Amino acid sequence: MRIKLLKGLINLIAKIVYWLKRHNGIKDNIKLIIAAIQAPIIFIAFLAAKLDIHSDNIWLVGEMGVDAKDNGFAFYRYLKREHPKINAVYYINDSFIAAEKVKELGETVKTNSFNHMKLIFKADYIIATHDQYPLPWKKFNWREFKKLYGWLNPDLKFVFLQHGVMLSDAKENANYKRTNFDYFVTTAEREYKEISAPVFGYPHGNVIKTGISRYDRLYELRNTNVKRQIILSPTWRQYLADVSEAEFIESNYYKHIESFINNMDFLNFLEEQNVELLFLPPHREIQKFLHLFHTNSNKVKLLNVDTIDVQDVLLESGVMITDYSSISMDFGYLRKPVVYYQYDQKEFKKGHYKTSYYTFEKDGFGPIIKDELNLINQVKKIILNDFQMEEFYQKRSIDFFDLRDAQNSQRLFNILEKRAD
């Protein structure tokens with residue numbers, strides 16, 4: 001009886017948390033309170049920073065504090081190779097594998113350590129793919145820090161690198177009132193115009209079009225020889241946040257993917273054609289459930305994002321199967337075939353995706369499929385066509401990506417350097 005009551009209480013709390021996540025006004029006010037409560041440690045870190053004799057003018061760079069695979073690491077690598085005089089520091093937890101490759105390039109600080117706290121007050125820039133993880137305090141974002149504590153380092157600017165190209169309607173979550181970003185990095189002209197629109201509320205000059213840093217390497221290595229492999233990269237679902245493993249296994253999401261990676265007709269085809277299927281969900285909320293997926297085929301590999309280089313997988317793969325993930329933009333940028341497996345369109349749009357300047361129907365880089373049989377037939381067709389992207393979708397890629405070179409990091413650096421001077 002007690003166990004049943006405890007489970008019921010846990011489920012109730014999870015539902016309350018989920019509800020709060022969906023109501024920005026309440027959530028943001030709670031974050032302000034959380035930020036205010038942490039004032040003592042924040043002021044101690046500020047005083048310690050003032051007493052620290054180490055240099056100021058730091059560019060603090062990073063991602064989620066545990067990884068180095070996205071635009072944060074790409075820009076940090078660029079700074080260390082091309083502008084070593086910039087005092088760039090990367091925040092990352094030492095216990096994660098990625099920390100070693102960052103340390104080979106330059107200085108790091110342990111995420112959420114006291115040294116991390118001090119650097120906030122010695123930095124000119126925070127340059128990050130997210131706006132919570134760069135701050136070494138609990139459960140609030142850049143907006144709350146700037147409102148309550150910005151006066152402690154009034155010259156500090158936040159550069160939002162993004163972790164992809166923004167596709168859906170983000171006015172509710174990414175408007176200036178909610179973010180207070182000093183620079184919002186965009187990649188394509190249409191994306192730039194969308195976020196520069198008055199409804200987002202960004203001051204003139206805050207939205208910049210430089211291209212995201214990780215695309216520099218994609219462009220340089222775009223002619224990498226393609227292996228006979230498929231990458232399956234579906235995004236997450238908000239309704240799966242904080243669910244138990246038992247609940248996850250019962251989800252529509254799990255059942256569709258598990259069914260596809262175990263479809264015998266498709267597995268036999270992969271054997272015949274000597275093609276591998278790599279299951280790589282890019283979102284950490286799904287990665288934590290990766291061990292629940294099973295396959296008996298040696299042609300199917302389940303990949304952990306912490307142990308592989310995602311860009312290498314993208315460069316080497318011949319076709320991508322995704323649903324709504326912005327990782328499809330990377331593949332479209334490379335002008336490789338994409339298939340969108342959107343079996344839950346209505347459900348997903350209700351909870352996640354709101355149509356904006358970009359739609360998968362009019363702008364996507366491949367066909368939209370809603371059932372497993374047609375998905376398999378479409379992927380077979382692409383493989384038998386030697387992994388070639390149809391001309392129709394190639395034109396869409398050319399039209400969308402007006403910036404296509406290896407100068408994205410350089411363009412961003414030029415803007416930041418000019419302001420720093």
### Query
If you go through the stretch 366-412, how many residues are more than 25 Å from residue 229 (Cα to Cα), buried (at least 18 other Cβ atoms within 10 Å of the Cβ) and of a type in the set (A, V, I, L, M)?
2
### Task
Find the helices (runs of 4 or more DSSP H) located wholly in the stretch 131-244 whose residues include 2 or more that are under 17 Å from the mean Cα position of the chain (by Cα), and list them.
171-174, 214-220
### Positions within the stretch 333-387 being assigned to a loop (DSSP other than H, G, I, E, B) and within 25 Å of residue 264 (Cα to Cα), in sequence order
337, 342, 343, 344, 366, 367, 370, 371, 385, 386, 387
### Candidate set: the stretch 137-152, residues that are without any contact (Cβ under 8 Å) to a residue 40 or more places away in the chain and not charged (D, E, K, R); chosen: the one surrounded by the most Cβ atoms within 10 Å (Cβ to Cβ)
142
## Note on the structure
By residue number, the members of the stretch 154-182 that are open to solvent by less than 30 Å² (accessible area, probe 1.4 Å) and either touching a residue at least 40 places away in the same chain (Cβ under 8 Å) or touching a Cys at 6+ places or on another chain (Cβ under 6 Å) (or both) are 159, 161, 162, 164, 165, 167, 170, 179, 181
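Every residue, every condition in (1) open to solvent by 60 Å² or more (accessible area, probe 1.4 Å); (2) at pLDDT below 95, yes or no:
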| site | (1), (2) |
| --- | --- |
| 212 | no, no |
| 225 | yes, yes |
| 234 | no, yes |
| 244 | no, yes |
| 260 | no, no |
#### Entry: Unique match (being aliphatic (A, V, I, L, M) and without any contact (Cβ under 8 Å) to a residue 24 or more places away in the chain) among 373, 403
373
### Message
Out of the residues in the stretch 343-365 meeting the condition of being more than 24 Å from residue 190 (Cα to Cα) and surrounded by 16 or more Cβ atoms within 10 Å (Cβ to Cβ), tell me which one is modelled with the lowest pLDDT.
### Response
344
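The values are calculated or read from the model by the stated rules, or taken from the named source; none is laboratory data. Keep in mind the model is a prediction, meaning the values are calculated, not measured. Note that we place each Cβ from the backbone using ideal geometry, even for glycine, and neighbour counts take in every protein chain shown. Side chains are part of the model used for accessible areas, which takes the heavy atoms of the whole protein and leaves out ligands, DNA and RNA. Shrake-Rupley method; radii C 1.70, N 1.55, O 1.52, S 1.80 Å.
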